[in-house]
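These notes are about the structure you will find just below.
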């Protein structure tokens, strides 16, 4: 997550991007000045809303992190490991501006992780099966990103696919929370084929 200063800078950057640097981007100093004037009244309400979402997300993240630091049940070592990787992918220096509008979903992602931790001891085999499906998709995405990433920017469709995987995690591990849109392993396979041109 970084320092408090890094987080503050990240929030400012995220609000600026959402409010001022929205499409179509200003093409001149005059257009930027006009945009800044037009959006001035929007900045504080948007910042307050984003901070509210961020607080809920970080509260959930802390609860998951605490649970993962508790007494490690060796039978659940793979679940703990998978959740640690997921949490590190979601919360890191720069995550607020990187997540963009998906930050709104973070509280649900954190709640889904907590539900998974609570259910995993009773549903170990099912958890393992779902985890393998998720990890197969994540491995494919990471390999594709490595081969396609240029200048540190992921192609938009691939960047978005990462969030489809997060939604699938909710669907598989905490279905009762609902998802932003309909997801299933089959739908993600179809979307992957559309993005990459191959199954």
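Miscellaneous remarks
- Of everything in segment 96-115 that is surrounded by fewer than 17 Cβ atoms within 10 Å (Cβ to Cβ) and within 13 Å of residue 163 (Cβ to Cβ), the residue that is modelled with the highest pLDDT is 104.
- Odd one out for residue 93 among (1) more than 14 Å from the chain's Cα centre (by Cα); (2) surrounded by fewer than 20 Cβ atoms within 10 Å (Cβ to Cβ): (1)
- Qualifying residue in segment 138-149 (condition: surrounded by fewer than 16 Cβ atoms within 10 Å (Cβ to Cβ), in contact (Cβ under 8 Å) with a residue 40 or more places away in the chain and more than 18 Å from the chain's Cα centre (by Cα)): no
- Segment 12-67: number of residues that are touching a helix residue (DSSP H, G or I) at 6+ places or on another chain (Cβ under 7 Å) and either under 30 Å from residue 114 (Cβ atoms) or loosely packed, with under 12 Cβ neighbours inside 10 Å (or both): 19
The values are calculated or read from the model by the stated rules, or taken from the named source; none is laboratory data. Quantities reported herein were computed from a predicted structural model and do not represent experimental measurements. Quick reminder, even Gly has a Cβ in these numbers, built from the backbone with ideal geometry, and neighbours come from all protein chains shown.
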